[in-house]
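As structure tokens, the structure follows; a few thoughts come after it.
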Amino acid sequence: MPVSFLGQGLIFEDFLPLGWSPGPLPPTIALSRLNAENQQLLGAEASLDEVRVQDALKDESPALLHELQRLEFKLNVLLRLTAELAKRSSHLPAPHHIKLAAQGLEWIGDDAPQMGSSGILDLYINTTLPQPLRLPVTVIGNRAHTESAAAQMQFSGLSDQVVELIEKLIFRHHRRLVAGARIAPKKP
């Protein structure tokens, strides 16, 4: 398969924990449940994105704004502590180099599944939420990558809502990268 299998849009590239359960693609009822769980997880992940309380409440009283910021800080600390405890007890799989698009994923590594395989891919998209996206996939290609092999995995049976939320996740990731590049110190 060509490198452009992920399309021409934005691509989320990172090292994220991945789990693989080979087998047949799930039947319709199980697929509906996976879609509902994935939609809920992607919605929760989106809600963790930084919200500018000051911008949202610029017309409210400073005391209310201060109190909401204080509560948000406490909630963020609680979420991080809970996530750390969950990570310790859940034994996340090893991180792998991935490239994610709305229609598929490329898993770069010698332990990536072979062409023709199908199954459920567990993708941990946020360390604050140690719960995976569970994505039914078929490996539609393998290609050589600079350091190893790459399996090209196409998603199967994702709902339109889940695909849209994955696109938004990719966009937020891209936006953070662009913002980080703007504030990174320039090398002489």
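Each value in this text was obtained by applying a stated rule to the coordinates, not by laboratory testing. Nothing here was measured: the structure is a model prediction, and the numbers come from that model. Note that each Cβ is placed from the backbone with ideal geometry, even for glycine, and that neighbours are counted across all protein chains shown.
Points to keep in mind about this one:
- Cα-based shape type of region 83-168, given that a ≥ b ≥ c are square roots of the gyration tensor eigenvalues and the cut on a/c is 1.5: oblate
- Rounded FRET efficiency, nearest 0.05, which uses the C-beta distance separating Asp160 from Arg70 and R0 of 30 Å: 0.20
- Simple spin-label estimate for Glu167 and Arg33 in nanometres, 7 Å along Cα-Cβ: 2.9 nm
- Each of Gln154, Leu129, Ile183 was placed along the dipole of region 100-188 (beta-carbon charges, centred on the mean Cα), and the one lying farthest toward the positive end is Ile183.
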